[in-house]
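The values are calculated or read from the model by the stated rules, or taken from the named source; none is laboratory data. Everything quoted here is computed from the prediction, not taken from an experiment. Cβ placement follows ideal geometry from the backbone for every residue including glycine, while neighbour counts extend to all protein chains displayed.
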């Protein structure tokens, strides 16, 4: 397995004609129902619950996906507060996922909870900053998926 370095995650559009940027992850199967994603110096581990044939040693891929929504919104809220010198102690985001009968998420709420002393004048701006989340923006404008097999 060859993992790209963080410096190479986003390359010029000349590389493999991939558009404005390029990122590569290597996905492997370390055993059981575990599936890991490797990129740069990072590994995102996933597993299935025991009832799904796994060991419940890591979150499911879908849980990691859902967590990326809240953590992405969180980094924008954190950046907003840091830029203005606002304390982040006591701020948290609670993500609630509602599912349709199909089992697919059909509504996701992100509730930004702030302590009583947080200035009210920034409430709407916090929401606007969370709305800039790249994960949320990607869901709103989904990419094209190309899935294929290649002999190596």
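Return only the number of the condition from (1) touching a helix residue (DSSP H, G or I) at 6+ places or on another chain (Cβ under 6 Å); (2) under 23 Å from residue 26 (Cβ atoms); (3) without any contact (Cβ under 8 Å) to a residue 60 or more places away in the chain that residue 80 does not satisfy.
Answer for residue 80: the failing condition is (2).
Within region 8-32, work out how many residues are modelled with pLDDT of 95 or more, at positive phi and not in a loop (DSSP other than H, G, I, E, B).
Number satisfying all stated conditions: 1.
Among 152, 112, which is the only one that is surrounded by 10 or more Cβ atoms within 10 Å (Cβ to Cβ) and either outside any helix (DSSP H, G or I) or modelled with pLDDT of 95 or more (or both)?
Just one listed residue meets the conditions, 112.
Mind checking whether some residue in region 51-61 is under 21 Å from the mean Cα position of the chain (by Cα), surrounded by 11 or more Cβ atoms within 10 Å (Cβ to Cβ) and assigned to a helix (DSSP H, G or I)? Spell out the reasoning first.
Step one: of region 51-61, the residues under 21 Å from the mean Cα position of the chain (by Cα) are 56-61.
Within this subset, residues satisfying the condition of being surrounded by 11 or more Cβ atoms within 10 Å (Cβ to Cβ) are 56-61.
Retained after the next criterion (residues that are assigned to a helix (DSSP H, G or I)): 61.
Taking every residue of region 51-61 in turn, at least one turns out to be under 21 Å from the mean Cα position of the chain (by Cα), surrounded by 11 or more Cβ atoms within 10 Å (Cβ to Cβ) and assigned to a helix (DSSP H, G or I).
Restricting the search to region 110-138, which residues are without any contact (Cβ under 8 Å) to a residue 60 or more places away in the chain and within 15 Å of the chain's Cα centre (by Cα)? Reasoning before the result, please.
First, pick out the residues of region 110-138 that are without any contact (Cβ under 8 Å) to a residue 60 or more places away in the chain: 110-132, 137-138.
110, 130, 131, 132, 137, 138, listed by residue number.
Name the one entry in 44, 35, 94 that is outside any helix (DSSP H, G or I), at pLDDT 95 or above, exposed (fewer than 13 other Cβ atoms within 10 Å of the Cβ) and within 17 Å of the chain's Cα centre (by Cα).
Exactly one residue qualifies, and that residue is 94.
Does region 78-88 hold any residues that are assigned to a loop (DSSP other than H, G, I, E, B) and loosely packed, with under 10 Cβ neighbours inside 10 Å, and which are they? Walk me through how you get there before you give the answer.
Taking region 78-88 and keeping what is assigned to a loop (DSSP other than H, G, I, E, B), we get 84-88.
Correct list: 85 only.
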